[in-house]
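Structure first, commentary second.
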Ligand code: FES
């Protein structure tokens, strides 16, 4: 028997805006500890091996930050806090149910376009 694949990957945006830049970002002094908080929680719950958390840069939803994306499922959670992370790990990662009230609004997360469609928009 081989090493099992993860059931989930958790992508946490770790982008901060440069000093003085008037742009929202996922990592501010108030939210800087959320990645470590989530990683510790996943370890304490014994699920880190099957639901690893990965640091990413900007995913273009900065105004809704702090954000994290869970795959499979394309589930984008926004406005993260420690309390929200606790529920997401308990209900989504362990329980298998999306926490709908923390998911990004459809207006900011419309259906994906295929790479072929994207190429057409660039005249390719
Ligand atoms: S800074 Fe996190 S989505 Fe842009």
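Residues in the stretch 23-38 that are under 14 Å from residue 85 (Cβ atoms), in contact (Cβ under 8 Å) with a residue 40 or more places away in the chain and in contact with a strand residue (DSSP E or B) (Cβ under 9 Å, 6 or more places away or on another chain): 26, 34, 38. Of the numbered criteria (1) closer than 17 Å to residue 6 by Cα; (2) crowded, with 19+ Cβ neighbours inside 10 Å, the one residue 74 fails is (2).
Checked against (1) in contact (Cβ under 8 Å) with a residue 24 or more places away in the chain; (2) within 14 Å of residue 80 (Cβ to Cβ), residue 50 passes all but a single condition, namely (2).
A single member of 85, 70 is touching a helix residue (DSSP H, G or I) at 6+ places or on another chain (Cβ under 6 Å), modelled with pLDDT of 95 or more and within 27 Å of residue 112 (Cα to Cα), and it is 85. For the stretch 77-87, a residue qualifies if it is under 22 Å from residue 107 (Cα atoms) and loosely packed, with under 14 Cβ neighbours inside 10 Å, and exactly one does: 79. With respect to the stated conditions, residue 33 fails to be at pLDDT 95 or above, surrounded by fewer than 19 Cβ atoms within 10 Å (Cβ to Cβ) and more than 17 Å from the chain's Cα centre (by Cα). Only one of the numbered conditions (1) surrounded by 12 or more Cβ atoms within 10 Å (Cβ to Cβ); (2) within 10 Å of the chain's Cα centre (by Cα); (3) within 17 Å of residue 92 (Cβ to Cβ) is violated by residue 59, and that is (3).
The values are calculated or read from the model by the stated rules, or taken from the named source; none is laboratory data. Nothing here was measured: the structure is a model prediction, and the numbers come from that model. Note that we place each Cβ from the backbone using ideal geometry, even for glycine, and neighbour counts take in every protein chain shown.
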